[in-house]
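What follows is a short report on a single structure.
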Amino acid sequence: MQLVRPYVFALLLGVIAFNMAFAPFTQAVIAYDQLWGMALTAAAIGLPLWARRHAWGSGGHWVRLVAGILEMVLLICLLTLAFRVFDHITKANDIPLADDFLNSIDVAMGLDWMTYLSWVHAREWLHWPLIYTYLSHPGR
């Protein structure tokens, strides 16, 4: 691994393991069979990268370039896997997404959501990108 430190990958794997362990205690219904493809892709990329690091040495320019590209693809696969499951778990909880406690935290940090919403509402050029982003989520 040359671009991202190994502990970042270890942390991501820890998040994935936490998600998998926590999911049964929520109302989340996760289609694990759909996640296997991404997990196998990550393994198919990660194992050769690990082997390259331990057996091939530094390699030439093209070897380092291909390894760097594969490492970024691996990172994207693991991030997607981790946050996709985390997204389902957090949406399936009975915890309110807006309440007085959360509002007090926002106020303590200086966030005024009504001012923010008014600001966005006054700028019509922001409406389409925000709507598109919201509607493009695969869970919608």
- line: Here the qualifying pairs (Cβ atoms under 8 Å; residues six or more apart or on different chains; first in the stretch 114-132 and in contact (Cβ under 8 Å) with a residue 24 or more places away in the chain; second of a type outside the set (D, E, K, R)) come out as none
statement: Taking the stretch 108-122 and keeping residues modelled with pLDDT under 85 and of a type in the set (A, V, I, L, M, F, W, C) leaves L111, W113, M114, L117
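Return the residue satisfying two criteria in turn: it lies in the stretch 33-53 and is of a type in the set (D, E, K, R) and surrounded by 14 or more Cβ atoms within 10 Å (Cβ to Cβ), and of such residues it is modelled with the lowest pLDDT.
Filtering the stretch 33-53 for residues of a type in the set (D, E, K, R) gives 33, 52-53.
With the extra rule that they be surrounded by 14 or more Cβ atoms within 10 Å (Cβ to Cβ), the set shrinks to 52-53.
On the way: R52: 66, R53: 62.
Top of the filtered list is R53.
Take the residues in the stretch 5-32 that are among the aromatic types (F, W, Y) and touching a residue at least 24 places away in the same chain (Cβ under 8 Å), then tell me which one is surrounded by the fewest Cβ atoms within 10 Å (Cβ to Cβ).
Applying the filter and picking the extreme gives F22.
The values are calculated or read from the model by the stated rules, or taken from the named source; none is laboratory data. Just so it is clear, the model here is predicted, and its values are computed rather than measured. Positions of Cβ are backbone-derived with ideal geometry, glycine not excepted, and every protein chain shown enters the neighbour counts.
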